[in-house]
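Engineer: First the structure, then my questions, so here it is.
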Amino acid sequence: MSILMLFFGFIVFSCAGVQQEPIQFTAKPYYFDAGGSDSELHQNSILLTPDFTYSEGRGYGWTTPGHKEFYNEGAEDARNSFLVDGIVAKEISFKADVPEGEWWLAIWFESGMEDSSTTQLFINNENANLEVQSFTPPAEPRDNIQKIYRVIQRRVSVSDKGLAFSMKGVEDDVYLLGISLIPNATEFVDEKTSSILKHIEKLGNYKSTDDFQPVIDRLKEIRTDKKHRNFAAYWIQQLEIIRDSEMYFDYRGWGWATDKTGLGLFGHLHQSVMLYDGVLNFENVEESPLYERALWYRGRVLYWLHLERGIYAELNGAKRDLAKMYKLHPTDELVRMYNGEQIDTPDEFDNITKPANAPQWAFSQWELTNRLKKVVDWWVNEQQSENGEFGGKFGDDVEILRWWSPLILSGDETTYKGWKKLADGVWNSNKVKNGYAKKPSDVEHSSEFISDTAPLLVLFNDDPKYAERLAYSADYFQNLWTGYNDNGNRFFKSAWFSSSEIETEEPKNRDVIYNGRAVKAVRYYAWKTGDTPTKKALIEWADSWYKVSQETSKGKPVGIIPPSVEFPTENINGDEPTWHEANMYWSYFDWRDGKAILDQLLYTWTFTADDKYLKPIFQSLELVRKYASDIDKPQSPHAIGSEGWAAHRLGNRSGFWNVVETWRTLTGDDSYDDLILKYGTPYTRYRITKDEQHLVDALEPYLETVRYNEPMRSSEAIHTDRVFIKGMNTREATILLGMITGFAIEESASPYIATSWENTSRDLTYLVSNNDSTSLDVKLYNFADERESAIMRVWQLRSGEYTLTKKVDGKEEKKQITVKKGGDRFKIYTEPKKLIEISIQPTNK
């Protein structure tokens, strides 16, 4: 039974009118519930109202004045009455005239407004460090105290003067919830306690998944015996704290858990760590039979929190705990993985040999994609819930799809099943209302529900409802999110919006490069339907960004896309002094490379043929060429914000080169091949040189990741947006998409695709070697032992008559095909253990 229902087994009742009586303390447990006179109370706990001051006659109470009662509104979803209200003051001091001896003091208090607690604790006038975990603060400031709380425990030697403690707030107030005082009897051993201690030791094994409740229930049975009550009270408290720590650990980002507690993923994980702190951060804790289990859980949570946030507070905590685990269990493979070792677990791919006639690119791709599909299999078949969730909260779950694109575009059925289930789940969830995020937030977070799930579904599924889902974003883009500014130019009015609201207070009232992520769905809608009003609005938005790209205010180099444009003034970065620092809470709004807007300009060019939209791309390339001698240096030697500084950043950003290479693939223009060959991505270098070694070299970083530490990408993963495949953030990131579809694009890009595949075997590999609007060349290798078929969809070819030539072992087969529209399907047969070359050329060629 959870702490949400019971606390130390006491039943809740209203304490209105209950008198606070003097106490003659004896060596037994005491529980003090802080709060107002009308707050609910646990049976056998003692009410502590704000004005209940200490006196010798009373035997307990506050020794500082000025307390106020508080109620943490909304926290009742996740807590019982003991933990939902309390007293608040800058300093809170308490004294109880308990008998001499060893006592366990536990204090429950709100985490308040702070992520790193500055509260000071003094016990019997001696400084007692809190030793609680610090967390990375949110990018946007909070308005109210958090819905999570901390607990600390200390073993205290009490003299004839009783027990006293003081909590002093430094940068925040102290929000005290409750106190327990339990005489130390942890080592009391007789026939009954000996048996229970053995069960506790078993529970404390770090690999144990046994339920705590049976032991808690047994302790409650012996608690009625005066001889065992202190022993039982102490261990019930320890087990309930750890039980609830693991409960919050398991809640993670599941929607049902958020509905139950009112907390999100970070709330659950932070609460879990705060509870683990309570059973880990006191002297000689290593002797506790529960030490290893609590240490192992806390270390893993902090490890994933660091991956998500990337800040040192969580990293240092994770290193501390996991290093201790390594010292205790140096041969455990999972412990070693968490401590940075690469562990090669035997699997079905280890003994596969390359057929003699198979190209190395094909064999490397086969191993890589099949290892990735094995990871996808776990997420879809083992983890995914009926409503599509993966457990990392919908907003992060959708980000796992960013490395699934090449798998689904190669026709993998399991990937398609999981993608569609998640996309439908998000669409029907309480996170989305009328086709976009229900609640306004910054575009990076509000857009991901739709942008990461819906656009590509129009490639995978012919059901018109998926194109209709994109229509909502197109409508909001035209009629809600954007408007005409003081100069008559169409810009977004804000970077914080939903399906019904826009937040326009400074500094949110700006169009930003990142808004291109929300417009991804709009571009796909225009591409799929050809809707004229949507195209017109896209052109107007592109025109506006093109205009500001040519400005040089605040020292911005001409042609560079600024990070933000204020609405309605059109000032670059509003009142900020520089052109490159947006200073909009989140660092990702600062200038990186402008790729999302450059992509918008390029896509607008594809259906307008207006070369002005290419100008900022060329201007940026000319900057790279001008400062080419500095690009390979670790840091730019030029002043921040200068031409040279911008060129250095562009030259080292894969997102910029993805846009450049998409232009290169679309046009065949070789004007900047010298730069692309030096700084571009491997797939485009292959397309230019036809040297397949570029492909093999690019696949290797992926393989060096997926061959090792598989649990860290599946069963151990907590943050689904941190299921990393090494290389995802490098220039090698798009290699698979390029080989499979003909365009090495990033996940946020516009709809550029030459081909995709359906109804395929996992033994088929792909290499698009040439594609434009009138031709397509693809190499396939079938690693299966039998003939396989696949459906090839062509997206880039113009309507017309074509000759499809299939070449195997020097023998050619030709057939006539008619392309009527983008996405037409053609069946291809592939012979076993053979390289197949497919060429589609105009019939009259």
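Engineer: What is the calculated FRET efficiency for Glu413 to Thr667, with r their C-beta to C-beta distance and R₀ = 45 Å, to the nearest 0.05?
Structural biologist: 0.80
Engineer: Next question. Note down the magnitude of the dipole of the stretch 318-365 about its Cα centre, charges +1 on Lys and Arg C-beta and -1 on Asp and Glu C-beta and zero elsewhere, to the nearest 20 debye.
Structural biologist: Once rounded to the nearest 20, the dipole reads 340 debye.
Engineer: Could you pull out the GluC sites (Glu not before Pro) across the stretch 96-154 that fall in loop regions by DSSP (anything but H, G, I, E, B) with no more than 15 other Cβ atoms inside 10 Å?
Structural biologist: Glu100, Glu131
Engineer: Please state the Cα pair-distance histogram of the stretch 692-839 with 10 angstrom bins from zero: what percent is in each bin?
Structural biologist: Binned Cα distances yield the sequence 10, 34, 34, 17, 5, 0.
Engineer: Please report the net charge: other residues with Cβ closer than 11 Å to the Cβ of Phe188, K and R +1, D and E -1.
Structural biologist: Result for the neighbourhood of Phe188: +1.
Engineer: For the stretch 628-687, would you read off the P(r) tail past 12 Å as a percentage of all alpha carbon pairs?
Structural biologist: Taking all Cα-Cα pairs of the stretch 628-687, the fraction more than 12 Å apart is 66 percent.
Engineer: Could I ask something else about it? Could you pull out the pairs from Lys431/Lys556; Lys431/Lys827; Lys431/Lys493; Lys433/Lys493; Lys319/Lys417; Lys439/Lys554 whose alpha carbons sit more than 32 Å apart here?
Structural biologist: Distance filter (> 32 Å) returns Lys431/Lys556; Lys431/Lys827; Lys319/Lys417; Lys439/Lys554.
Engineer: Quantify, in whole percent, the carbon and sulfur part of the accessible surface of the chain (1.4 Å probe; protein heavy atoms only).
Structural biologist: Heavy-atom surface of the chain belonging to carbon and sulfur, 1.4 Å probe: 47 percent.
Engineer: Multiply the residue gap between Arg58 and Lys227 by 0.36 nm, knock off their C-alpha separation, and tell me the result in nm, one decimal place.
Structural biologist: 58.2 nm
Engineer: Moving on to the next point. Counting pairwise Cα distances across the stretch 401-519, what percent come out greater than 18 angstrom?
Structural biologist: Roughly 52 percent, rounded to a whole number.
Engineer: Right, here's the next one. Can you find, among Tyr303, Pro214, Gly35, the residue sitting farthest towards the positive end of the charge dipole of the chain, where Lys and Arg contribute +1 and Asp and Glu -1 at Cβ?
Structural biologist: Tyr303
Engineer: Something else about it: Output the Kirkwood hydrodynamic radius of the stretch 618-718, Cα pairs only, in Å rounded to one decimal.
Structural biologist: 15.5
Engineer: Right, another one. Once phi is turned into ³J(HN,Hα) by the Karplus curve 6.51 cos²θ - 1.76 cosθ + 1.60 with θ = phi - 60°, what whole-Hz value does each residue of the stretch 104-117 show in order, with x for glycine and proline?
Structural biologist: Couplings: 9, 9, 10, 10, 9, 8, 5, 6, x, 8, 9, 9, 10, 5 Hz.
Engineer: If R₀ is 45 angstrom, what is the calculated FRET efficiency for the pair Thr569 and Lys827, using the beta carbon separation as r and rounding to 0.05?
Structural biologist: Rounded to the nearest 0.05, the efficiency is 0.20.
Engineer: Still on this structure: Taking R0 as 41 Å, what's the FRET efficiency between Glu283 and Trp378 from their Cβ-Cβ distance, rounded to 0.05?
Structural biologist: The value I calculate is 0.50.
Engineer: Here are labelled values, [x] 1.10; [y] 0.93; [z] 1.02, and one is the computed Cα Rg over 2.2 N^0.38 Å for what I pasted. Which one?
Structural biologist: Computed from these coordinates, Cα Rg over 2.2 N^0.38 Å corresponds to label [x].
Engineer: Continuing with this model, one more query. Given only helices, namely DSSP H runs of n ≥ 4 each adding -39500 (n - 2.57), what is the per-residue ellipticity at 222 nm of the chain, to the nearest 500 deg cm²/dmol?
Structural biologist: Computed ellipticity for the chain at 222 nm equals -11000 deg cm²/dmol.
Engineer: Residue-wise, which Karplus ³J(HN,Hα) couplings in Hz belong to the stretch 150-166, taking 6.51 cos²θ - 1.76 cosθ + 1.60, θ = phi - 60°, and x for glycine or proline?
Structural biologist: Rounded to whole hertz, the list is 10, 9, 10, 10, 9, 8, 10, 8, 9, 8, 6, 8, x, 10, 9, 9, 9.
Engineer: With each pseudo-label sitting 7 Å past Cα toward Cβ, what's the Arg155-Trp256 distance in nm, one decimal?
Structural biologist: Those two pseudo-labels are separated by 4.1 nm.
Engineer: Report the GluC sites (Glu not before Pro) located in the stretch 168-237 that are in a DSSP loop and have at most 12 other Cβ atoms inside 10 Å of their Cβ, or state none.
Structural biologist: In loop regions of the stretch 168-237 (DSSP not H, G, I, E or B), the sparsely surrounded GluC sites (Glu not before Pro) are Glu171, Glu187.
Engineer: For the chain, report the accessible area per residue in Å² (1.4 Å probe, heavy atoms, rounded to an integer).
Structural biologist: That works out to 39 Å² per residue.
Engineer: May I ask you to list the GluC sites (Glu not before Pro) in the stretch 314-359 that are in a DSSP loop and have at most 10 other Cβ atoms within 10 Å of their Cβ?
Structural biologist: Loop-located and lightly packed - Glu348.
Engineer: Enumerate the whole-percent occupancy of each 5 Å bin, from 0 to the last occupied one, for all C-alpha pair distances of the stretch 191-282.
Structural biologist: 3, 13, 21, 19, 17, 13, 8, 4, 1, 0
The values are calculated or read from the model by the stated rules, or taken from the named source; none is laboratory data. On a predicted model such as this, the values are computed, not experimentally measured, just so you know. Positions of Cβ are generated from backbone atoms using ideal geometry, with glycine treated the same way; all protein chains shown enter the neighbour counts. Protein only, heavy atoms only, side chains kept; ligands, DNA and RNA dropped before computing areas. Shrake-Rupley method; radii C 1.70, N 1.55, O 1.52, S 1.80 Å.
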